[in-house]
1. Find how many whole Å separate the alpha carbon centroid of the range 189-208 from the alpha carbon centroid of the range 211-279.
2. Calculate how large, on average over all directions, the projected area of the Cα convex hull of the chain is; give the answer in nm² to one decimal.
3. From the backbone phi of the range 27-39, what are the Karplus-calculated ³J(HN,Hα) couplings (6.51 cos²θ - 1.76 cosθ + 1.60, θ = phi - 60°) in whole Hz, Gly and Pro given as x?
4. Treating only the Cβ of Lys, Arg, Asp and Glu as charged (+1, +1, -1, -1), what charge dipole size does the chain show about its Cα centre? Round to the nearest 20 debye.
5. Through the Karplus equation 6.51 cos²θ - 1.76 cosθ + 1.60, θ set to phi - 60°, convert the phi angles of the range 104-119 into ³J(HN,Hα) values in whole Hz; use x for Gly and Pro.
6. Please list, ordered by chain and number, the residues whose modelled amide H lies under 5 Å from the amide H of Ala48; skip anything fewer than 5 residues away on the same chain.
7. Work through the residues other than Thr116 whose Cβ is under 11 Å from its Cβ and net out their charges, Lys, Arg +1 and Asp, Glu -1.
8. In a shell of Cβ-Cβ distance under 12 Å around Ala232, excluding Ala232 itself, what net charge do Lys and Arg (+1) and Asp and Glu (-1) give?
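Values in this text are rule-based calculations from the coordinates and carry no lab data. Since we're looking at a predicted model, the values are computed, not measured. Heads up, the Cβs are rebuilt from the backbone with ideal geometry, glycines too, and the neighbour counts pull from every protein chain shown.
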Amino acid sequence: MSAAPERLLPRIFCCKDIFMREPILCFGHSHMVALRAGHLWRVRHGEAAADDMEFVPLNDPPCQLRTVLVEGRRELAPDLVEHVSTLLAGCRPKAVVLLVTGNEHNILGLFRHPDTPAPPDVDWPESGLPLAEGRDRVPADLLFAEMQNQLDRANFRFCRWIAGQVDCPLVIVGPPPPIVDEAHIRAHPGVFADRMDKLEIAPADFRHKLWRIDARLRQDLAAELGAAFVPAPAAAITDLGLAERLRGNDPTHGNQEYGRMLLADVLAALAAARTEESA
């Protein structure tokens, strides 16, 4: 993967034959780039047709994921709702895959806050990791609440809305594991470049726990919506984070090989969903 994630063009809106096809329809942000790279690898190797999957980025108008205030209530932006509704009405997807945002745990915990007396850690026994000595203890409940608040603003709002619009299998994909190697992060700062020289990177075990909290909340949402949840592939995780061979050239993303692994799990989840429907 290049230093900047490949721009995903919403070519689905330009396909004249979209109303005659039933693709797997993916909505997401930058973590969707790896999944699309995995799909393109399958296409090049004759394992899939190019139009088996369509990828709709939620970064730019008219499909930019954003909310507005309507009579004091926060709602999805009308132009987003209009365009996605039109797409869904004609596309008839055989499945919908959601990779919405995914950097909440990095935004919350990639860096150590400069005012903390010591590096942070989370007292969360369920993580399987102990509370390290000499750390600034952060209550797990506080982090769950803050992460939930971040996700509820637009991400989960969009996922719940999509779930009410489609009558097909729905998959929610968890974010990739954090990158542990601080040297790699500093060498590939990406969108965090403005903070990289000013702040310390938080300890890897703390960032791992935050990632697990992020994934848990997405898994809970999938259960609420009756969707399949696809976490980061177990084989992609080494120690506390993403295996070195699967890292992209930035501080947070997976590469094409990671995308291939993730796509295999997504397709397996969809196959299982079809088996359950036919049983």
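1. 23 Å
2. Taking a quarter of the hull surface, the average projection is 16.2 nm².
3. Rounded to whole hertz, the list is 10, x, 10, 5, 5, 6, 4, 5, 5, 5, 4, x, 5.
4. 580 debye
5. The phi angles translate into 4, 5, 6, 4, 7, x, 5, 10, 7, 5, x, 8, 7, x, 8, x Hz.
6. Result for Ala48 returns Val43.
7. Neighbour charge sum, excluding Thr116 itself: -1.
8. Counting the neighbours of Ala232, the net charge comes to 0.
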